[in-house]
1. Looking at (1) closer than 19 Å to ASN191 by Cα; (2) more than 16 Å from the ligand (Cβ to nearest atom), which is the only condition ILE250 fails?
2. Taking only pairs six or more apart or across chains, which ones have beta-carbon atoms under 9 Å, a first residue in region 79-104 that is without any contact (Cβ under 8 Å) to a residue 60 or more places away in the chain, and a second residue that is acidic (Asp, Glu) and within 14 Å of the ligand (Cβ to nearest atom)?
3. Do we have PRO86 as in a loop (DSSP other than H, G, I, E, B), in contact with a Phe, Trp or Tyr (Cβ under 6 Å, 6 or more places away or on another chain) and either crowded, with 20+ Cβ neighbours inside 10 Å or at pLDDT below 95 (or both) here?
4. Of everything in region 23-71, what is of a type in the set (A, V, I, L, M), more than 23 Å from MET81 (Cα to Cα) and assigned to a helix (DSSP H, G or I)? Give them in sequence order.
5. Answer yes or no: is there a residue in region 115-130 that is part of a loop (DSSP other than H, G, I, E, B) and within 8 Å of the ligand (Cβ to nearest atom).
6. Look at region 145-181 and say how many of its residues are free of Cβ contacts under 8 Å to residues at least 60 places away in the same chain and on the phi > 0 side of the Ramachandran plot.
Amino acid sequence: MKFKILLLGFGNVGKGFCRLLSEKRKILKENYGIDPSVVGICTRTRGNVYDPGGIDLTIFLNRTERTPLIPLKEMLGSKVMIPEDPSVEELVSKADYDVLAECTLTSLDGGEPAYGWMKKALERGRSVITTNKGPIAFHYPELHELELKHGSRLLFEGTVMAGTPVFATFLQGLSGSRIQSFEGVLNGTCNYILELMQQGKGYGDALEKAREAGYAEADPAMDVEGYDSALKALILSNVLTKKSVPFEKIELQGIRAMDPGLIEQARSGKGKIRLVARGRLGDNNSDISVKPEVLLPEHPLYNLPGAMNGLVFNTDTVGQVYISGKGAGSRETGFALLSDLIALFPGKRHFHPSVSVHKEQLISRRAHLC
Ligand SMILES: NC(=O)c1ccc[n+]([C@@H]2O[C@H](COP(=O)([O-])OP(=O)(O)OC[C@H]3O[C@@H](n4cnc5c(N)ncnc54)[C@H](OP(=O)(O)O)[C@@H]3O)[C@@H](O)[C@H]2O)c1
């Protein structure tokens, strides 16, 4: 099955996704029966390109590595685009595509402008896959209504713990269960900084080390003030309850102005400090908090080295379910978009070759025994 992707954002995640599309083209076709092509790519500073015949991703990725700042249009060669210099809005509302892959920047400003683009695509009956936390944190119930109304789909695996399968776990693996609460360490940058602080570094030095290691942004507020964890907790609560909690209702404390007594408490009690996001999910309202806490060795989130993330679901069926994995990275988050893309076409899923070989071996072994 051939289908067309319009990609918004060609940064770490957008490039990671394109690399995986190139690398796994054969597997996508053979194992899942899908043959995607990217017809448009949009950025903020490098312009937008659109080629209904499909963009050659290998050329794009090679050239972008050599000359990262070159306008995308120059990489299309002599091909003329119609319209000539398309805006993101024009492409989202008029271009010929089947899936909008959205990975532009997360904003705390109501998730705009990505929220508007996603709404438009869903209204056109196009499916949306995204790693952008803003629209799902602030508008999930409304976007979910739109997907139901227009027969489109909205998937967002990469918004929490990158490509580590959070939503696949609870929407498929735990279907039929009630998730009563969750607790998670959802920001790798904070986890890394807190580990260094427990080893004796001051906050400033630990932040500098996190920058050097490529974990912290030049402006670290989104991470260290706890906003990133709060958005992820909001997304989990929105998706699990289909009701939204206002951002202002979250009890939110970051790690920048953390009570120094916590470090002492952790050391003397042999615990570890984590920035913990908690959600208690009720029928009518949910309570969400994000704050530094001391966790003892028996807690599942105690052992999370470096920038790892972890999440515990408390269910009414199988008790506690714990997932841990990487929560960031170009390939890891690009993979979230790829897994969402595959999930959009479940009817096309084929047996993985290794599974079918195994089956054939079993059949022939059984025949031999008979
Ligand atoms: N990186 C991760 O590990 C990770 C993990 C989980 C979730 N996420 C989320 O995934 C999204 C992308 O992250 P990233 O690391 O790829 O960010 P990034 O490297 O900064 O790339 C963002 C891309 O979006 C484009 N963009 C920004 N504003 C735009 C606008 N108004 N119109 C069109 N294009 C626009 C940028 O254009 P320019 O190229 O011109 O700047 C850039 O290509 C974010 O929402 C982030 O929170 C990232």
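1. (1)
2. Note: pairs meeting the criteria are PRO83/GLU90.
3. yes
4. Narrowing region 23-71 to residues of a type in the set (A, V, I, L, M): 27-28, 34, 38-39, 41, 49, 55, 57, 59, 61, 69-70.
From what's left, more than 23 Å from MET81 (Cα to Cα): 27-28, 34.
Within region 23-71, ILE27, LEU28 meet the criteria.
5. No, there is no match, as no residue in region 115-130 is part of a loop (DSSP other than H, G, I, E, B) and within 8 Å of the ligand (Cβ to nearest atom).
6. Of the residues in that region, 1 qualify.
The values are calculated or read from the model by the stated rules, or taken from the named source; none is laboratory data. These numbers were taken from a predicted model, which means no experiment stands behind them. Here Cβ is always computed from backbone atoms with ideal geometry, including for glycine, and neighbour counts include all displayed protein chains.
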